[in-house]
């Protein structure tokens, strides 16, 4: 398992429209791609210089995306790490006793999430991009 770097930080927000507007107004956050509506989540990646944040409005709790409690304005939902080989990463995490939940695949990326109780209380997302950094 080789970590290539932090890909993004997933932040769960109460109102994604407000969060996107405020991010642009306060620290020049820009949206490099389309907004994604998928099941119980609405998400948008924003760039702050070289750093990517994934803003998530969750209508139901899911892996890496908890429902906000009363009074919470935003919480870290997960940290997204890029790896060189997702299958190797899954095997190494299992060897270390880390439980996995949720796996998805698109034309660009394969990804898994950890169960937070097995990774110091925070959900981790491990991602392998096709054709990026690995020469595929």
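The values are calculated or read from the model by the stated rules, or taken from the named source; none is laboratory data. Predicted model, so just to flag it, every value in this text is computed and none were measured. Counting neighbours? That spans all protein chains shown, and the Cβs are built from the backbone with ideal geometry, glycine included.
Somewhere in the stretch 73-83, is a residue touching a helix residue (DSSP H, G or I) at 6+ places or on another chain (Cβ under 7 Å), closer than 24 Å to residue 44 by Cα and buried (at least 19 other Cβ atoms within 10 Å of the Cβ)? The answer is yes; a qualifying residue exists. With respect to the conditions (1) within 13 Å of the chain's Cα centre (by Cα); (2) within 13 Å of residue 7 (Cβ to Cβ), residue 86 lacks only one, and its number is (1). Scanning the stretch 53-72 for residues that are surrounded by 11 or more Cβ atoms within 10 Å (Cβ to Cβ) and modelled with pLDDT under 90 returns 58, 59, 61, 62, 63, 64, 65, 66, 67, 68, 72.
Taking (1) at negative phi; (2) modelled with pLDDT of 95 or more; (3) loosely packed, with under 13 Cβ neighbours inside 10 Å in turn, residue 97 satisfies each apart from (1). Selection of strands (runs of 3 or more DSSP E) fully inside the stretch 1-52 by the criterion of at least 3 residues being crowded, with 19+ Cβ neighbours inside 10 Å, touching a helix residue (DSSP H, G or I) at 6+ places or on another chain (Cβ under 9 Å) and at negative phi returns 41-48.
Residue 33 meets each of the listed conditions (1) touching a residue at least 24 places away in the same chain (Cβ under 8 Å); (2) within 20 Å of residue 127 (Cα to Cα) apart from (1).
Here residue 104 clears all of (1) modelled with pLDDT under 95; (2) touching a strand residue (DSSP E or B) at 6+ places or on another chain (Cβ under 8 Å); (3) more than 24 Å from residue 39 (Cα to Cα) except the condition numbered (3).
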